[in-house]
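One structure below.
The values are calculated or read from the model by the stated rules, or taken from the named source; none is laboratory data. Remember, predicted model here, so these are calculated numbers, not experimental data. Cβ placement follows ideal geometry from the backbone for every residue including glycine, while neighbour counts extend to all protein chains displayed.
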Amino acid sequence: MATFYTCMRCNNGGVRICTGCNGHFCQRDFLIHRQILAKEFENIKSQGNQLIEQITKSNQSNKVQQSLVSEIQKWHDTTVDKTRRAAIKVRDEVNTMIQQNIVNIKKGLTELDQELIESFSSDRIMEENIEQLREKIRRLRSDFEKSSDLASIVVNVEPSTRIDWNHVIHVEDKSSGRKVTLH
C-alpha cells in the first residue's frame with residue numbers, strides 16, 4: 001500500500017517533495033513554495049548588490065586608511081622627535097663633561113702657578129716643594145691626557161638591531177583578531 005502525504009499548506013494530497021525542507025506539497029503550493037524561495041534568493045542577491053554599491057560609493061574605507069596612516073605618521077614624528085631630543089641631550093652632556101674637565105685642569109694649573117709664584121717670591125724653594133709641584137703637574141697632565149682620550153668618555157647607544165620593531169609598532173585587525181607583522 002502506498003503512503004499518502006498531505007500538502008504542508010492546504011492539507012490536500014502532497015505529491016511533490018521539496019528536497020531543501022523535506023516538505024510535501026500539492027502541485028499548486030509547490031510552485032508557490034518555489035516562488036517564495038526565488039523571491040528570498042533575489043532579495044539576498046539584491047542586498048549583496050546594494051552592499052557592493054554602498055562599498056563602492058563609500059569613502060569610509062579611504063577615511064579609515066587616512067586616519068590609520070595619519071596615526072602612523074604621528075607615531076613616526078614623535079619617535080623621531082624623541083630620538084632627536086635624546087641625541088641633543090647626550091651631545092650637550094658630552095660637551096659639558098669635556099668642558100668641565102678642561103675647566104678643572106685649568107683651575108689646577110692656575111693654583112699650581114700661584115703656588116710657584118708664592119714659593120719663588122717667598123724664597124721657599126726646596127727639593128721637597130719641587131717634588132710636590134712636579135707631582136701636581138704630572139697629575140694635571142695625566143688628567144688632561146685622559147680627558148683627551150676617546151676611551152675615557154663612552155656614549156652608550158642601544159643598537160637598533162636589539163629593538164624588536166614588530167612589537168614597537170604593528171597592525172592588528174580587531175574584527176578578525178589577525179595581527180600583521182612585516183619581516
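Structure notes:
- Qualifying residue in the stretch 28-38 (condition: over 30 Å from Tyr5 (Cβ atoms) and of a type in the set (Gly, Ala, Ser)): no
- From Ser147, Ser119, Ser176, residue being in a loop (DSSP other than H, G, I, E, B) and of a type outside the set (Lys, Arg): Ser176
- Test for Met8: is it out of contact with any Ser or Thr (no Cβ under 7 Å at 6 or more places or on another chain) and not in a helix (DSSP H, G or I): yes
- Within the stretch 150-173, being part of a helix (DSSP H, G or I), more than 30 Å from Gln114 (Cβ to Cβ) and not basic (Lys, Arg) holds for Leu150, Ala151, Ser160, Thr161, Trp165, Asn166, His167, Val168.
- Scanning the stretch 122-138 for residues that are assigned to a helix (DSSP H, G or I), touching a helix residue (DSSP H, G or I) at 6+ places or on another chain (Cβ under 9 Å), of a type outside the set (Val, Ile, Thr) and free of Cβ contacts under 8 Å to residues at least 12 places away in the same chain yields Asn129, Gln132.
- Residue tally, condition surrounded by 10 or more Cβ atoms within 10 Å (Cβ to Cβ) and either touching a strand residue (DSSP E or B) at 6+ places or on another chain (Cβ under 8 Å) or among the polar types (S, T, N, Q) (or both), over the stretch 50-66: 6
- Test for Ile102: is it in a helix (DSSP H, G or I), not assigned by TED's automatic domain parsing to the domain that holds Glu172 and not acidic (Asp, Glu): no
- Pairing each residue of the stretch 97-120 that is surrounded by 15 or more Cβ atoms within 10 Å (Cβ to Cβ) with any residue that is small (Gly, Ala, Ser) and in a helix (DSSP H, G or I), provided the two are 6+ apart or on different chains, yields C-beta distances under 8 Å for Asn101/Ser147; Ile105/Ser147.
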